[in-house]
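Below is one structure; the comments refer to it alone.
The values are calculated or read from the model by the stated rules, or taken from the named source; none is laboratory data. The model shown is predicted, which means the values in this text are computed figures rather than measured ones. Don't worry about glycine lacking a Cβ; one is built from the backbone with ideal geometry, like all the others, and counts go over all protein chains shown. Remember, those area values only see protein heavy atoms, side chains included, never the ligands or the DNA or RNA. Shrake-Rupley method; radii C 1.70, N 1.55, O 1.52, S 1.80 Å.
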Amino acid sequence: RPTEVPHVPFAETMKLVAGFGKTLFYSSANGKGNVAGYRLFPKSNIMKFGWVGGNLGVACGMLAYSEHTGDEEARRQAIATVQFFVRNSQAGVEGLYYGDYTIHGRWSPRPIVNESGLGISSRQFGENLEPLVSLVELGRRLKLPETDEWLATLKKAGDFLLRSPRYRELFPQAWTPNGKALGWPTNGEPKPGKVSAAGAQCVVVLARLA
């Protein structure tokens, strides 16, 4: 039967979550500007944009939290994270962005399941672009001057997706940093087992951009 248990009020829960998020934030100046983002876990040297790190998703949540609470620290951290991504994560072709950054290091591709080479996952790419769409919507509401730059990044990503190789309208599981479909032949159909729905979230982004 139902049992009454202690609970934390929603407002206090959000304060605790935001407080933990702020402890994960890292910022440091380097030669390309200001590195900013949320560590994968405390003391980690890895920032993941997409996947389990979800830096842009965290930034979107923190920016929304600051809108409701007036938390300026959360607001500054969120904006700095997005700015670091849009200004520094460009891969070898316009509109394609890396999702993995090592503190004191660089942006890089990652190992891809069932592939011998490194690449940029289409799933991770979609997981980055969708919160960026939400950030643009939120930024417009808050009248943030950075919003135009975020939107320009999204448009470049949308153009890249429209240019990307597709098989029966499915995106590849991953791209090389130069935008080629990893594991697909330049001409002809991909081999069995090389077609994936990993990039399905990219379609959502295109629909929201339309």
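Ranked highest first by the average count of other Cβ atoms within 10 Å around their residues, in what order do 120-130, 200-210 fall? Display every interim value, and only then the final one.
Details: 120-130: 24.4, 200-210: 15.1.
Top to bottom by mean Cβ count within 10 Å: 120-130, 200-210.
How high is the relative contact order of the stretch 1-93, in percent, with contacts defined as C-alpha pairs under 8 Å that are six or more residues apart?
For the stretch 1-93, the relative contact order is 22 percent.
Please state the shape class of the chain: rounded when a/c is under 1.5, otherwise prolate if a/b exceeds b/c and oblate if not, all from the C-alpha gyration tensor.
Verdict is prolate for the chain.
Between beta-carbons, use under 13 Å as the cut-off and find the net charge around residue 168, counting Lys and Arg +1, Asp and Glu -1. Mind dumping the intermediate values first?
Values: positive: 166, 194; negative: 169, 189.
Every neighbour counted, the sum reads 0.
Which net charge results for the neighbourhood of residue 81, defined as the other residues with beta-carbon distances under 13 angstrom from its beta-carbon, given Lys and Arg at +1 and Asp and Glu at -1?
+4
Mind scanning 22/155; 15/43; 156/180; 155/180; 22/156; 22/143 and naming the pairs with a C-alpha gap bigger than 26 Å? Let's see the in-between values first.
Details: 22/155 30 Å; 15/43 22 Å; 156/180 16 Å; 155/180 19 Å; 22/156 30 Å; 22/143 23 Å.
Exceeds cut-off: 22/155; 22/156.
Can you put 24, 16 in order of accessible area, largest first, using a 1.4 Å probe?
Ranking 24, 16 by accessible area, largest first, yields 16, 24.
For the chain, what does the relative contact order come out to in percent, with C-alpha contacts under 8 Å and a separation of six or more?
18
When Lys and Arg each count +1 and Asp and Glu each count -1, what net charge do the other residues less than 13 Å away from residue 140, Cβ to Cβ, add up to? Write out the running numbers ahead of the final one.
Numbers: positive: 141, 143; negative: 67, 137, 146, 148, 149.
Net of charged neighbours comes to -3.
Hey, any idea what Rg/Rh is for the stretch 87-210, computing Rh the Kirkwood way over Cα pairs?
On the Cα set of the stretch 87-210, Rg over Rh gives 0.99.
On a C-alpha basis, how far is the centre of the stretch 95-135 from the centre of the stretch 1-58 in Å? Whole number, if you could?
19
Helix 122-142 versus the longest principal axis of the chain: what is the Cα-based angle in degrees, 0 to 90, to the nearest 10?
For helix 122-142, the angle is close to 40 degrees.
Please work out how much accessible surface residue 7 shows to a 1.4 Å probe, ignoring ligands, DNA and RNA, in Å² rounded to 10.
Taking all protein chains as shown, residue 7 has close to 150 Å².
When you take every Cα atom in the stretch 1-108, what is the radius of gyration, and what is Dmax, the widest Cα pair distance, in Å?
Rg then Dmax for the stretch 1-108, in Å: 16.1, 61.
Would you compute, from DSSP H runs of 4+ residues alone, the mean residue ellipticity of the chain at 222 nm, taking -39500 (n - 2.57) per run and dividing by the full residue count, rounded to the nearest 500?
Value at 222 nm, helices only: -15000 deg cm²/dmol.
Charges on Cβ only, +1 for Lys and Arg, -1 for Asp and Glu, centred on the Cα centroid of the stretch 1-86; of 13, 62, 41, which one is farthest towards the dipole's positive end?
In the stretch 1-86, that residue is 41.
Among 62, 14, what's the order by accessible area (1.4 angstrom probe), most exposed first?
Heavy-atom accessible area, descending, gives 14, 62.
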